[in-house]
Amino acid sequence: MTRLKLAILISGRGTNMEAILQAARADDYPVNPVLVLSNRPDAKGLDTARAQGLAAIAVDHKPYSKDREAFERAVQQVLLEHEIEMVVLAGFMRILTPWFVGQWAGRMINIHPSLLPKYPGLNTHQRAIDAGDAEAGCSVHWVTEGVDEGNVIAQAPVPIEAGDSADKLAARVLLEEHKLYPRAVAIAAREILSKKKPLPV
Ligand code: GAR
């Protein structure tokens with residue numbers, strides 16, 4: 001079967017990346033992860049990926065200072081070198097420019113730790129607790145220019161318990177993320193394969 005060449009972009013520990021790598025061991029999974037890229041050279045997830053035999057590359061954003069697009073052009077070069085066909089953001093904590101989003105429109109997805117459209121941005125769990133919500137959760141969505149605004153592909157709710165702290169809630173949501181993301185990656189990949197959208201050059 002056709003498997004899309006996948007890049008996973010991370011900034012830290014990479015547990016969602018691990019869940020996707022695990023799922024991709026199945027013969028009928030529609031993506032083939034070939035590259036893990038981090039904007040932080042010290043990201044733990046890079047070591048995990050390397051230990052599994054994947055290309056694991058850091059493109060440090062710091063030397064680019066405030067020039068986001070120059071940083072992204074360096075990232076794009078690595079993606080093109082690896083002939084990437086789909087991009088998954090898994091805890092990648094950089095805001096993307098319209099230029100980069102445009103390169104990967106319809107081929108890039110993100111996981112966010114809230115039930116979108118509630119709580120885009122940061123501190124999602126604390127905001128859900130402070131609002132007195134009965135449930136929190138996670139969402140996987142297509143990446144568009146607006147931060148955490150693209151169409152949702154799949155979501156998983158997680159009940160908020162009495163006395164929950166943001167950390168406790170985040171830990172329970174993370175377990176759901178690990179189930180949700182591999183499933184959503186497969187849904188999105190099958191959609192990309194069915195549309196045969198041209199690749200960036
Ligand atoms: C995950 O909880 C993910 O939802 C969140 O970062 C964490 C990464 O964990 N992403 C965002 O907040 C994006 N705005 P991981 O590195 O262990 O996968």
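The values are calculated or read from the model by the stated rules, or taken from the named source; none is laboratory data. Just so you know, these numbers come straight off a predicted model, no measurement behind them. Note that each Cβ is placed from the backbone with ideal geometry, even for glycine, and that neighbours are counted across all protein chains shown. Quick note on the areas: whole protein, heavy atoms, side chains included, nothing else; ligands and nucleic acids left out. Shrake-Rupley method; radii C 1.70, N 1.55, O 1.52, S 1.80 Å.
What is the angle, in °, between the Cα long axis of helix 166-195 and the longest principal axis of the Cα atoms in the chain? Nearest 10 is fine, range 0 to 90.
It is inclined by approximately 40 degrees.
For the chain, what is the calculated [θ] at 222 nm in deg cm²/dmol (nearest 500), taking -39500 (n - 2.57) for each run of four or more DSSP H residues and dividing by its residue count?
One gets -11500 deg cm²/dmol as the mean residue ellipticity at 222 nm.
Are there GluC sites (Glu not before Pro) in region 88-168 that DSSP marks as loop and that have at most 16 other Cβ atoms within 10 Å, and which are they?
Passing both the DSSP loop test and the Cβ count: E145, E149, E161.
Ignoring ligands, DNA and RNA, what percent of the accessible area of region 46-196 is carbon or sulfur (1.4 Å)?
Here carbon and sulfur together make up 54 percent of the probe-accessible area.
Enumerate the amide H contacts of A154 below 5 Å, restricted to partners 5 or more residues apart or on another chain; note that Pro and chain-start residues carry no placed amide H.
Amide H neighbours of A154, under 5 Å, 5+ apart: V140.
Got the relative contact order for the chain handy, in percent, Cα pairs under 8 Å and 6 or more residues apart?
It rounds to 20 percent for the chain.
Going through the cross-link list K44/K168; K62/K196; K5/K179; K66/K196; K5/K168, which pairs have a Cα-Cα distance over 25 Å in this structure?
The answer is K62/K196; K66/K196; K5/K168.
Quick one: among I57, I111, I95, which has the greatest mean-square fluctuation in a GNM of the chain with alpha-carbon springs under 10 angstrom?
I95
How big is the equivalent ellipsoid of region 82-201 along its three axes, where each semi-axis is √(5λ) from the Cα gyration tensor, reported in whole Å from largest to smallest?
They are 29, 14, 11 Å, listed largest first.
Classify region 1-117 from the C-alpha gyration tensor, please: rounded if a/c falls under 1.5, else prolate or oblate depending on whether a/b exceeds b/c.
Judged from the Cα gyration tensor, region 1-117 comes out rounded (a/c under 1.5).
Once amide H atoms are placed 1.01 Å from N in the peptide plane, what residues at a sequence separation of 5 or more from F92, or on another chain, have their amide H within under 5 Å of its amide H?
S11
Can you list the HN-Hα couplings for region 138-145, worked out from phi with the Karplus curve (6.51, -1.76, 1.60; θ = phi - 60°), rounded to whole Hz and with x for Gly and Pro?
Here the 3J(HN,Hα) series is 9, 9, 10, 9, 5, 8, 10, 4 Hz.
Could you go through region 18-30 in sequence order and give the Karplus-derived ³J(HN,Hα) for each residue, using 6.51 cos²θ - 1.76 cosθ + 1.60 with θ = phi - 60°, rounded to whole Hz, and x for Gly and Pro?
The phi angles translate into 4, 5, 5, 4, 4, 5, 6, 6, 6, 4, 9, 7, x Hz.
Would you please state which residues of region 123-160 a label at R190 would reach in this model, taking the label point 7 Å out along Cα→Cβ and a backbone N cut-off of under 16 Å?
From region 123-160, the list is 153-155.
Taking a ≥ b ≥ c as the square roots of the eigenvalues of the Cα gyration tensor of region 58-123, is the shape rounded (a/c under 1.5), prolate (a/b larger than b/c) or oblate?
In terms of gyration-tensor shape, oblate.
Would you mind working out the accessible area per residue for the chain, using a 1.4 Å probe, and quoting it in Å²?
With all protein chains present, the chain gives 49 Å² per residue.
Given the chain reduced to its alpha-carbon atoms as identical point scatterers, what log10 I(q)/I(0) does the Debye formula return at q = 0.13, 0.18, 0.19 Å⁻¹?
Result of the Debye calculation: -0.68, -1.30, -1.42.
What residues have an amide H closer than 5 Å to that of V36, excluding those fewer than 5 places away on the same chain, when H is modeled at 1.01 Å from N in the peptide plane?
I8, A55, A56, I57
Label region 118-160 by shape, choosing from rounded, prolate and oblate, from the square roots a ≥ b ≥ c of the eigenvalues of the Cα gyration tensor; if a/c is under 1.5 it is rounded, and otherwise prolate applies when a/b is larger than b/c, oblate when it is not.
oblate
Select from region 40-116 those trypsin sites (Lys or Arg not before Pro) which occupy a DSSP coil region and have at most 15 other Cβ atoms within 10 Å, ordered by residue number.
Those satisfying the criteria are K66.
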